[in-house]
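What follows is a short report on a single structure.
What follows draws every value from the coordinates through simple rules; no lab data is involved. Nothing here was measured: the structure is a model prediction, and the numbers come from that model. Please note: Cβ atoms are built from the backbone with ideal geometry, for glycine as well, and neighbour counts cover all protein chains shown.
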Amino acid sequence: MDEISVQAADFDPGGEIAALSWGDAGAVASFVGLVRQDGAVTAMTLEHYPGMTEAALADIVVAARARWPLLAVRIVHRIGRLLPGERIVFVGVAAAHRHAAFAACEFIMDYLKTQAPFWKKEETLAGARWVEARESDERAAQRWQDGVTDG
């Protein structure tokens, strides 16, 4: 069972993990991304293209399922204006074994950062700016294309 949600509302990571813990699941791996609290960013606004974003996330899940035997995947990505410390994204994966769960969770997050159509604007004391894709995110996704299958 896979579930993808793009939403303005906050989410409960514990509830998301609990929803993955069923059936033959022997492992659940998850990731929660937060707005940095380093003092540089005062707020972040995330925008997306409805329909296109969900389809891109579904394609990422299909790619993960082609690599690992997954039981369930949950992705929650927030949109709108977020403040430091607020949750941005949840990626959770259930599998029979930890190896597949860890690797698939990392794969999904790497591809989400580079392939999902989200636009991010950071507000700082110096003003607001649209954030470009980071080279480190591109390298992280590229390693999967270079044949890495296990993180």
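Points worth noting:
- No other residue among 86, 16, 3, 54 is closer than 21 Å to residue 141 by Cα, among the acidic types (Asp, Glu) and surrounded by 14 or more Cβ atoms within 10 Å (Cβ to Cβ) apart from 54.
- Filtering segment 54-95 to residues that are among the basic types (Lys, Arg) and more than 16 Å from residue 24 (Cβ to Cβ) leaves 67, 74, 78, 81, 87.
- Leading residue by the ranking (farthest from the chain's Cα centre (by Cα)) among those in segment 68-124 that are among the aromatic types (Phe, Trp, Tyr) and within 24 Å of residue 48 (Cα to Cα): 119
- Residues in segment 111-125 that are in a strand (DSSP E or B) and of a type outside the set (D, E, K, R): 118, 119, 124.
- Candidates in segment 1-60 are the residues that are more than 13 Å from residue 118 (Cα to Cα) and polar (S, T, N, Q); of these, the one that is farthest from the chain's Cα centre (by Cα) is 42.
- Identity of the residue in segment 57-83, touching a residue at least 60 places away in the same chain (Cβ under 8 Å) and within 30 Å of residue 127 (Cα to Cα), that ends up surrounded by the most Cβ atoms within 10 Å (Cβ to Cβ): 78
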